[in-house]
Structure formats: C-alpha cells, structure tokens
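A quick write-up on the structure given underneath.
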Amino acid sequence: MAEASIDTTPRRRALAIGGLLGAPVRSIFGFFGDHTLMFIQAFAWLFRRPFRPRLFLEQMEFVGVGSLPIIILVGFFSGAVSAQQTIRALEIFGQEHYVGATVGLSLALELAPVFTALMITARAGSGMATELGSMRITEQIDALTTFAVNPTQYLITPRVVASIIMMPIMTMVFNIIGLFGAYLYSIYLKQIDVGAFLYYFRYMTDPSDYLQGGVKAAVFGAALSLAACYQGFNVRGGAKEVGLATTRAVVAGSVAVLVLDYFLSDMLATFFPYRS
Amino acid sequence: MPSSTSPERRTDAPAGGNTGAPLDPIQIRVRGLNKTFGPQHVLRGLDLDIDRGKINIVIGGSGQGKSVLMKHLMGLLKPDSGQIFVDGEDIVPLNDRQLGKLRRKFGMVFQYAALFDSQNVVENIAFPLIERYHLSREEIMTRVRDLLKRLDLAHVGGIEQKFPAELSGGQRKRVGLARALIDRPQILLYDEPTTGLDPVATKNVDDMILQASRDFGVTSVVISHDMASTFRIADKISMLYDGKILVTGTPAELLRSQHAPLREFIDMAGLSRGDGGAPKPNQEPRQ
C-alpha cells in the first residue's frame, strides 16, 4: 500500500501538472494547427478546377485597390514624420544629409511592409472576417456546400492568394509615397540638399532591401488573411459573434504581423547579409 | 401508389438516374440512423421513408434533430451508423466527389433563403448552372426568366438586378426556391420554411411549396414545427421524437393518433379531430 502511494504520488503530481498545462497547450497547438491546416487546404484547392479567376480579381481589387487611399495617406505622413525624427537625430552630428538613405532603408525593410500589413489588416482583414461571419450565420456557406461548391476553394483560397499577391504591391506603393513625403519634408521644410538626399539614398539602398520587404509583405499577407478567414469562417451564433470574430481577426492579424516581423527580419538577414 | 405528379416530368433532369424501369415509390430510405455530437445522442436508430413526388413533412420539437436529419439526407453530415438510400444507392460510404454528384439531385430551400448578399437575383438563381455547366448567357437567362415567371416574381419591377437586401421576406424565399429549382432537382428540402412569418406570408410559402410540388414534380421534404401549415400541405407526416420517428402517416391518420407527444403537439396547435375551425387536412390527392 505504502509502496503504491510512493509510486503513484509523483505520477499523480505529474498528471495534475500535465492536466493543468494540457488545456492551454492543446489550445495553442490547436490554434496554430487549425491555421496551418486551413492554409494547406486553401493552397491545395488553388490547383483544382474550377479556377474562377473572377473571384481572385475581385479580392485583389478589394485588398489592393480598395486599400490604396489609406495606404497613400498613411504612407505619405509616415515618410514625412520619419524624415522629421531622423533629421532631428542626425542634426546632433551634423549628418542630416543622410536622411534620404535612412528613411529609404527603414521604409524598405520595416516601415512599409509592417504599416501596410497593419492597414490592410484593419481594412481588408476586418472586412473578410465580417463578410465570412455573416455568410456563416445566414447559412450562405451551407448553401455553397449544397451546390457541391467547396467553401474553402470558393471563399478562402481567393482571399489568401489575393492578399499574398497584393501585399508586396501595396508595400511598394507605400515605399514610393513614403519616400515622396520624406523628400518634400526634407527639401522644402528643412532645406536639405536635393543632391545629397538622392545620392545617399541611392548609395545606401539596394534592390535586395526592397526584395526583403516584399518577402515580408507576402508572408504578412498570408498571415493576416488566414487570421481573418479563420475567425470569420468559424463563427457560431449571431451578430454579436460576428463582431467579436472581427475584433479577434484584427488583433490576431496585427499580433501575427508584428511577431512574424521579428523572426522574418532575423531569417532574412541570413539570406541577405548586410553590405559593408 | 397514387401519385399527384407524373414521373415523366422529371425526364429532363440532368441528375436523373432513371432509365425507364418502374420508379420505386420510396425515393429515400433511412435505416437505423445514429448520430451523436459529443455526449448528445441526437438520432437513435432512426428509420424513415420519403415518398417520391409527395410532400413529406418531418415535424418535431426544437432540438429533436430535424435539421441534423435533413443534413444527413443530403450527405452534409456522416452518421455514426446506419444507411441512407437515395434512389436505391447507399450514400453513407460515398466520398466528397461522389456526394457532389449526388447533391445535383437535391435542391435546398433554407429557413431565411441564404441568398448570396454580394450577388443580384439573376446571379443567385443562376449560381448552380454557372458552377455546374458551361451554358451560354442566353440559355441561362432564358431559364432564369422562365422560373421568375413561373414563381410569380417576373412582375416585380427590376427584380433581376435587385440584391437580396432589397427584397421582401416572401420574395427572398421565392428567389431561394428558384435557385433550388433551376437545375431541375428531383428532391427539394425545405428547412423550416414558415418560421417567423406572419399568417399571410405563411400561406404564401405553403402555396409556393404546393406549386413547386405540382408544377415541377419534385419530391418535397419539409422540416417544420408549424402544425397548421403542415396539415394544410402534407401528403405524409412523420414525427421525430427522442431521436426516432415516433409515428408516420397521412394528416388524417395523424389526427386520429393517440401518441402522447403527437397529441400534445396537435392540441397545442389548436388542431383536433373534427375541429371545424382548424385548417382542413389535405386528404385528397392534389392535381
């Protein structure tokens, strides 16, 4: 009896700790597992007939063209404010003519992909979650199934693919507009020399910087659209749950972008070593 | 077996599988169907026959598993055990691709129509044709306009270009029916079609179901707990209770039945044997 209790107590303790940890661990793995599964399914359905190019174009318009005004607005002021703070810092050392290079690099590598992803999460990601959630609670997704149409292929694949394609394009737009904002602020308000601004920008930035930003943007596009589609597609209940799903989609999308940004920066630095 | 509809009308159905042999009067046979969701045993060895070309209504209280049963009939859910024969073919072992073909035999009218918000009326109705066939735009429009006319929707000004949000509840249901009928299904499933409707709208939906059965010769399966409506239009009523079919029969037979849960249902709905004020059971074969 005593022997048995000696044997089982640590086991029981371990089981109790395992039980306590089990639920959250299962929940975390389930969350990532479900997203991964959804991505694999969406990707697999991309290569199966029918292809429905119209759905892809509609989503590309929604994610890309529809987000253009906000990207232009945010891009311009982000570039300008970035120039403002950079000049303030560089003035201390009398190196303010480096502003073009500094802003150009920070836009290409960080600001443009991250800000674009956050803007598109807020605008298109929330829209996707709301639309899919409404379709779920009004049985439109069930209706698709009754017509032998796969909902993943019809609803999720176009949204994920459109986001992956449009994110790098919108990031490039952000880069151009942001640089334009920085240029206007530096040249017309701070009287930085035009030649120095452009020379150091060209000297310090490289196409590979924009490639890194583009890779990040494509990954962010996949993450934010998956978060939105997952939340919207799995809504159960009514209008309140659709609202909550939209909130969760924006939070999950934004967090995913910022967390992925760290790991991607680290990984891309290996593939694109810094030039001396 | 007296039939209010002629099977010949169905010969143009793309999903039709009959080749001239006498049609089995039972189109769907459900045998020993079991389904559990976690600890909940929803269907407990359910047996059910759906008569070809008739209006078959399954009644039962909320949470009894009516919608679960309907989803099984179309292959949207897999049972834990049991068999479902549609035109003699067991659909339970079918894979997704085979189920996709099977579903062409079915049309489904949802409780709140489930029209696609982002598509106008024409796009909604034409959806099954666009997804399944390579038809010309003219051919699709001819079939859509024909259905709009037959379902009394053609007179609504500009209906073709309207979006679901611009339609009344009754119009939405008719457009939903048109979408279900466009590919000439053999079996139409209705999920609580009169829920939340006023008496006039309920009567209109009843007429719509009768019209679909009469004019299109489809087998109708209606899930409902609206007893007045059920006794107005049904050819056959089955009561789902405690995961099984408690009783099946014609409306007249059910009115005479002594099963306690059914009697409670009938009495609560204000229907009783020989009740002159209640809707008259539909005992005569409809033409």
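Every number here is computed from the coordinates shown, using simple stated rules; none is lab data. No experiment lies behind these values; they were computed from the predicted model shown. Virtual Cβ from ideal backbone geometry, glycine too; neighbours counted across all protein chains shown.
Projecting the Cα positions of A:Ala239, A:Phe180, A:Ser78 onto the charge dipole of region A:54-271 (unit charges on Cβ atoms of Lys, Arg, Asp and Glu, taken about the Cα centre) puts A:Ala239 furthest along the positive direction.
Using the Cβ-Cβ distance between B:Met268 and A:Lys240 with R0 set to 30 Å, the FRET efficiency from 1/(1 + (r/R0)^6) comes to roughly 0.45.
Each of A:Thr205, B:Thr250 was scored by other Cβ atoms within 10 Å of its Cβ. Listed from fewest to most, they are B:Thr250, A:Thr205.
Summarising the amide proton neighbourhood of B:Leu246: residues at separation of 5 or more, or on other chains, whose placed amide H is nearer than 5 Å comprise B:Met239, B:Leu240, B:Tyr241. Residues A:Thr102, A:Thr9, A:Thr130, ranked from the fewest to the most other C-beta atoms within 10 Å, line up as A:Thr9, A:Thr130, A:Thr102. Against the main long axis of the alpha-carbon atoms of chain B, helix B:121-132 sits at an angle near 90°.
Calculated translational diffusion coefficient of region B:37-112 (10 °C, 1.306 mPa s; Stokes-Einstein with Kirkwood radius over alpha-carbon pairs) equals 115 µm²/s. About its Cα centre, the dipole of chain B is roughly 240 debye, where the only charges are +1 on Lys and Arg Cβ and -1 on Asp and Glu Cβ.
Pull out a ≥ b ≥ c, the square roots of the eigenvalues of the alpha-carbon gyration tensor of region B:158-222, then state rounded if a/c is under 1.5, prolate if not and a/b is larger than b/c, and oblate in the remaining case. Verdict is oblate for region B:158-222. For the protein assembly as shown, DSSP calls about 55 percent of its internal beta bridges antiparallel. For chain A, the membrane-span-like helix rule (DSSP H, alpha carbon extent of at least 30 Å along the helix axis, mean Kyte-Doolittle at least 0.5) picks out A:68-91, A:157-184, A:207-233, A:239-271; this says nothing about an actual membrane. Over all directions, average the projected area of the Cα convex hull of chain B and note it in nm². Its average projected convex-hull area is 15.8 nm². In a reduced charge model with +1 at each Lys and Arg Cβ and -1 at each Asp and Glu Cβ, region B:70-128 shows a dipole moment near 80 debye about its Cα centre.
The angle between the Cα long axis of helix B:137-150 and the main principal axis of chain B comes to about 40°, on a 0 to 90 degree scale. Neighbour counts of other Cβ atoms within 10 Å put A:Met267, B:Met268, B:Met227 in the fewest-to-most order B:Met268, A:Met267, B:Met227. The angle separating the long axis of helix B:199-216 from the principal Cα axis of greatest extent in chain B is about 70 degrees. Pairs over the 20 Å Cα-Cα cut-off, from the set B:Lys101/B:Lys149; B:Lys66/B:Lys101; B:Lys35/B:Lys244; B:Lys78/B:Lys173; B:Lys78/B:Lys105: B:Lys101/B:Lys149; B:Lys66/B:Lys101; B:Lys78/B:Lys173. If you plug the beta carbon distance of A:Gln191 and A:Ile28 into 1/(1 + (r/R0)^6) with R0 = 60 Å, you get a FRET efficiency near 0.65. The tail of the calculated P(r) for region A:34-133 beyond 21 Å holds 54 percent of all Cα-Cα pairs.
Under the simplified labelling scheme, the B:Leu135-A:Glu110 pair shows an inter-label distance of 5.8 nm, with each label point 7 Å from Cα along Cα→Cβ. Between A:Ile17 and A:Phe43, full extension at 0.36 nm per residue minus the direct alpha carbon distance yields a gain of 5.5 nm.
If R0 is 41 Å, the Cβ-Cβ spacing of B:Glu89 and B:His259 corresponds to a FRET efficiency of close to 0.80.
DSSP bridge analysis restricted to chain B gives an antiparallel fraction near 55%, rounded to the nearest 5.
For the protein assembly as shown, the gyration tensor built on C-alpha atoms gives a prolate shape. Its axis ratio a/c (a ≥ b ≥ c) is at least 1.5, and a/b is the larger of a/b and b/c.
Net charge dipole, the protein assembly as shown: roughly 720 debye, given to the nearest 20, about the Cα centre with Cβ charges of +1 for Lys and Arg and -1 for Asp and Glu. Residue by residue along A:144-155, Cβ atoms of other protein chains within 10 Å of the local Cβ number 5 on average.
Taking a ≥ b ≥ c as the square roots of the eigenvalues of the alpha-carbon gyration tensor, chain A is classed oblate because a/c is 1.5 or more while a/b is no larger than b/c. Helical runs assigned H by DSSP (4 residues or longer) give the protein assembly as shown a calculated mean residue ellipticity at 222 nm of -18000 deg cm²/dmol, each run adding -39500 (n - 2.57) before division by the residue total.
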